[in-house]
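Report on the following structure.
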Number of protein chains: 2
Amino acid sequence: MHPKKEGDDFMERRKFVKAAGVAGVAAAATAASSFPSPAIAQGKKKWIGVNTFGKTGALGKAMDAFADFVGKASDGKLTIKVYHGGELVKPFESFDAVQSGTAQIGWGAPYYWTGKSHAIQFVATMPFGLNAQEQNGWFYNAGGIEASNKIYNELGLQFLPCGNTGNQMGGWYNKEINSTDDLNGLKFRMPGLGGEILKSFGVNVVLLPGTEVLAALTSGQIDGTEWIGPASDLGKGLYKVAKYYYHPGWHEPATVLDCFISKKEFDALDDGLRAIVESAAAMTNIKLLSFFQAVNNAAMDKLINEHNVQMREYNEDLLKAIGNRASTLLPEIAGKDPMSKELYENIIAYRKTSVNWARLSEGAFIKARDYADL
Amino acid sequence: MHPKKEGDDFMERRKFVKAAGVAGVAAAATAASSFPSPAIAQGKKKWIGVNTFGKTGALGKAMDAFADFVGKASDGKLTIKVYHGGELVKPFESFDAVQSGTAQIGWGAPYYWTGKSHAIQFVATMPFGLNAQEQNGWFYNAGGIEASNKIYNELGLQFLPCGNTGNQMGGWYNKEINSTDDLNGLKFRMPGLGGEILKSFGVNVVLLPGTEVLAALTSGQIDGTEWIGPASDLGKGLYKVAKYYYHPGWHEPATVLDCFISKKEFDALDDGLRAIVESAAAMTNIKLLSFFQAVNNAAMDKLINEHNVQMREYNEDLLKAIGNRASTLLPEIAGKDPMSKELYENIIAYRKTSVNWARLSEGAFIKARDYADL
């Protein structure tokens, strides 16, 4: 699939929400009668699904495939009619739509719902936190799904991990960033927990909808922006107006996509249908991570070799300063309420056992691989 | 699950086969009448499944869960009776059993079947090749499943990726290895493509069944051995008889586990059952990789902090020498037959676009993460 199109879809929606802050998403004005209704006829369940993402991108296709699989695997006993972002409700009303019963299942990304729960953003990703493989280790083998569901269940929903963007990039600048002094006074676009950390260094953190980022960077309204990764950033054309492309993406090591299901409907499924829905989510999870892996490879190649992008790595001193600051700020932010604190500590406990193994295995291997000319 | 038990199962079987060489696995002596038979009654299919791995370990439980899911999701339209290693046929006769029609589905690891096809080992893993995330990117988004099926289809089988060990460790030694001179004359256990590379440096590559490795290391019959990763190596007790534990595992960056199905039976499935079987494999794939991730974390922690294992990283000059040698030898080995060559070149094309992105994303992130004290 073409990186531009695929990337655009995810980034437009994600960054808009990050910029606008989801806290203010209004409860879906759902006059139930004006919407299609779920139905059970002859033992067949028909669900309405609401996607936060658009129809044409990778995340639209993935959720169509999710529904297609469920219908086929269940031999029609459970079918899902998917409405993509804006088709039935506004994109960011998908969560509300499932909570209110307008839909039975939805897809998005956990940090979109920070207005519903401060804790939920920690399900998505955390600066200096888990990479994608570790996220899945935590979800499937260390109680991460159950820990996340403490939050979702309170909101009347069942959570299943349903995709991952993998590691993101550090951002675009028009000057080199060599020290925290270079950050001071910079107008930079980075929402979320990463933005909180940058603020503490005197960065003027600007929140902008995705559609305005390129223009804002061109006009000098902002000095730089983080975005997602090579495929999305290539599609956005950021290389045309920013000179330096920094890595690593310390602020979003691996962003989780979520499937949220009405808990009442989920609990009412028989064993077979529940197995099918869980399997659909796990399959979508591995296939979307694989998709981002594959398109980022090709896009990075293009950015460097066709568009002569200037690649830069944040230097050690700078990363140490940011890392130190994160070590103080993250527990403070997580400490604001008991649910955030509990989830944060659960993730941190897993992280503590992960860092050594990741450094000695993937970290050392990726470095060693450069020595082979294959 | 306890690392020892879980790890042991995989390593015993894998290493035995690596040591013994699977080339000589005899065709299963299958007097069909003495085996349970598949059955189709009232539109219900009953398959026989043969696992290469034992019942009690992670890979036994994973394949039981595979069968359980298929039965539940299909509402009994397709059920799989799983026979674990040695229960119906000998562990390494599982591939033969499916080829001959004694069973309809089986599980193992592609390099076990090198005696059937020289090319098939390249599906499993390759020195300095793809990591687990890239393997899945290649499988699901770059035609890797189709490319692998060119080999399996010729053998009458359908291949689905069904698990991954993740990155392995470099091995155990009783002296430090600082240069290729230190390799010369060493008696070391490393089967497969990695072993071929070591041989070229004067290593006396020893092949030993898994059960004999600890004794051989104790008696001095071998000077060192590679094994799998922290969880498996901890279980094996290698830290008791070897002093230095090296990384990275350049020889096996991510070892794929395979599900192989009678092509005739697979093609005869209706859309729904095919979707269920494909989904079972994808779900097992992500869950097993997650399992290895989680148990390796904890085991590495234990090896270092409880057993005071001396960790060593192969130095840059040594890795360069091994990498250079691999760059010559791997295309030579792959060039021995057209199928190997085609598959090798397919993987290498994907690898070429992967290395930059991996270095700038996961590689740089894993390094940066050490700067946060979380």
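Values quoted throughout were computed directly from the atomic coordinates according to the rules given, and no laboratory measurement underlies them. Since the structure is predicted, the reported quantities are computational estimates derived from the model, not experimental observations. Please note: Cβ atoms are built from the backbone with ideal geometry, for glycine as well, and neighbour counts cover all protein chains shown.
Under a point-charge model restricted to the Cβ atoms of Lys and Arg (+1) and Asp and Glu (-1), what is the dipole moment magnitude of chain A relative to its Cα centre, in debye to the nearest 20?
About 520 debye.
With θ taken as phi - 60° and the coefficients 6.51, -1.76 and 1.60, list the Karplus ³J(HN,Hα) couplings across segment A:286-299 in order, rounded to whole Hz; mark glycine and proline as x.
My calculation for segment A:286-299 gives 5, 6, 6, 4, 5, 4, 4, 4, 5, 6, 5, 3, 5, 5 Hz in order.
If you place +1 on the Cβ of every Lys and Arg and -1 on the Cβ of every Asp and Glu, how big does the dipole about the Cα centre of segment A:229-374 come out, in debye to the nearest 20?
For segment A:229-374, the charge dipole is close to 420 debye.
If I take the Cα coordinates of chain A and project them onto the principal axes, what are the three extents in Å, biggest first?
Taking the Cα atoms of chain A, the three principal extents are 66, 48, 43 Å.
Size of the dipole of segment A:294-345 about the Cα centre, Lys and Arg at +1 and Asp and Glu at -1 on the beta carbon, nothing else charged, in debye to 20?
About 100 debye.
Given H placed 1.01 Å from N in the peptide plane, which residues other than close sequence neighbours of B:Gly163 have an amide H under 5 Å from its amide H?
Sorted by chain and number, the residues that satisfy this are B:Leu257, B:Asn285.
Projected onto the charge dipole of segment B:235-374 (+1 at Lys/Arg Cβ, -1 at Asp/Glu Cβ, origin at the Cα centre), which of B:Thr284, B:Phe266, B:Ala364 gives the Cα projection farthest towards the positive end?
Farthest towards the positive end: B:Ala364.
Using a label position 7 Å from Cα in the Cα→Cβ direction, what is the ascending list of nm distances from A:Thr218 to the same site in the other copies?
7.4
Per DSSP helix of 4 or more residues, -39500 (n - 2.57); summed, then divided by the residues of chain B. What does that give at 222 nm, rounded to the nearest 500?
Rounded to the nearest 500, it is -14500 deg cm²/dmol.
In whole Hz, with x marking every Gly and Pro, tabulate ³J(HN,Hα) for segment B:272-285 from phi via Karplus 6.51 cos²θ - 1.76 cosθ + 1.60, θ = phi - 60°.
3J(HN,Hα) across segment B:272-285, in whole Hz: x, 5, 5, 4, 5, 5, 4, 5, 4, 5, 5, 5, 5, 4.
With labels modelled as points extended 7 Å from the Cα through the Cβ direction, what inter-label distance (nm, one decimal) is found for B:Ser179 paired with A:Ala268?
Output for this residue pair reads 7.5 nm.
What shape does segment B:130-208 have by the C-alpha gyration tensor, where a ≥ b ≥ c are the square roots of the eigenvalues, rounded means a/c under 1.5, and otherwise prolate means a/b greater than b/c and oblate the rest?
prolate
Using a/c under 1.5 as the rounded threshold, could you call the protein assembly as shown rounded, prolate or oblate? The axes a ≥ b ≥ c are square roots of the C-alpha gyration tensor eigenvalues, and prolate needs a/b larger than b/c, oblate otherwise.
Because a/c hits 1.5 or more and a/b fails to exceed b/c, the protein assembly as shown counts as oblate.
If a/c stays under 1.5 just call it rounded; otherwise compare a/b with b/c (prolate if a/b is bigger, oblate if not). Do that for segment A:100-141, with a ≥ b ≥ c from the square roots of the Cα gyration tensor eigenvalues.
oblate
On a C-alpha basis, how far is the centre of segment A:322-374 from the centre of segment B:211-240 in Å? Whole number, if you could?
What the calculation gives is 30 Å, centre to centre.
Can you list, shortest first and in nm, the gaps between the label point of B:Asp337 and those of its counterparts in the other copies, using a point 7 Å from Cα in the C-beta direction?
Once sorted, the set of distances for B:Asp337 reads 6.2 nm.
For the protein assembly as shown, with the dipole built from +1 on Lys and Arg beta-carbon atoms and -1 on Asp and Glu ones, taken about the Cα centre, which of B:Gly192, A:Ala142, B:His251 lies farthest toward the positive end?
With unit charges placed on the Cβ atoms, the residue in question is A:Ala142.
Work out from phi, with θ = phi - 60° and the Karplus expression 6.51 cos²θ - 1.76 cosθ + 1.60, the ³J(HN,Hα) of each residue of segment B:250-257, listed in order in whole Hz, and give x for Gly and Pro.
In residue order, the calculated couplings are 4, 7, 9, x, 4, 9, 7, 9 Hz.
Taking other Cβ within 10 Å of each residue's Cβ, how do A:Ile347, A:Ile105 sort, fewest first?
With the sparsest Cβ surroundings first, the list reads A:Ile347, A:Ile105.
Do the alpha carbons of any pairs in A:Lys287/B:Lys150; A:Lys55/B:Lys352; B:Lys77/B:Lys341; A:Lys44/B:Lys77; A:Lys55/A:Lys199; A:Lys55/A:Lys263 sit beyond 29 Å of each other, and which pairs?
Checking Cα-Cα distances, A:Lys55/B:Lys352; B:Lys77/B:Lys341; A:Lys55/A:Lys199 exceed 29 Å.
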